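Taken together, the values in this text are just the output of simple stated rules run on the coordinates, not laboratory data. Every value quoted in this text rests on a predicted model; they were computed, and no experiment measured them. Cβ: placed from backbone, ideal geometry, glycine included. Neighbour counts: every protein chain shown.
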Amino acid sequence: MSKLKNQAELLKEALRVGMIYAEKRGVAKFDKTDSAKDKIEYVYRLLAHDKLIQPLAKAQLDVPHMKHKLAMWISKQLPEGHELLK
């Protein structure tokens, strides 16, 4: 797993978009008191369940790999030339 350029910013954007997706779908409501780890796990599992991302192998099912997977997902969703992709 190689770290992406701007991975922290991509992860932040992936969480923002993923949380909006979950709330619009009516399956979650996030609070400011929810930990980043919980948000990452929930958004990852929701996207994997909805088949928007390919699930990780069981041996790789940990927070660092979930972060990377979410960053990869959002990098493919952003339009070409977006500032986070530079």
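Can you work out ³J(HN,Hα) from phi for every residue in the range 74-86, in order, using Karplus 6.51 cos²θ - 1.76 cosθ + 1.60 and θ = phi - 60°, giving whole Hz and x for Gly and Pro?
5, 5, 7, 8, 6, x, 4, x, 4, 4, 6, 8, 7
For the chain, just the Cα set please: Rg and Dmax, both in angstrom.
Cα-based Rg and Dmax for the chain come out at 12.5, 34 Å.
Give me, ordered by chain and number, the residues 5 or more places off Ile53 or on other chains with an amide H under 5 Å from its own placed amide H.
Excluding prolines and chain starts, which carry no amide H, the hits are Ala48.
Determine, for Tyr21, Tyr44, the number of other Cβ atoms within 10 Å of each Cβ, and report the residues in order from fewest to most.
Ascending Cβ contact count within 10 Å gives the list Tyr21, Tyr44.
Please give, to one decimal in nm, the separation of the simple spin-label points placed at Ile20 and Ala36, each 7 Å out from Cα toward the Cβ.
Distance between the two pseudo-spin positions: 2.1 nm.
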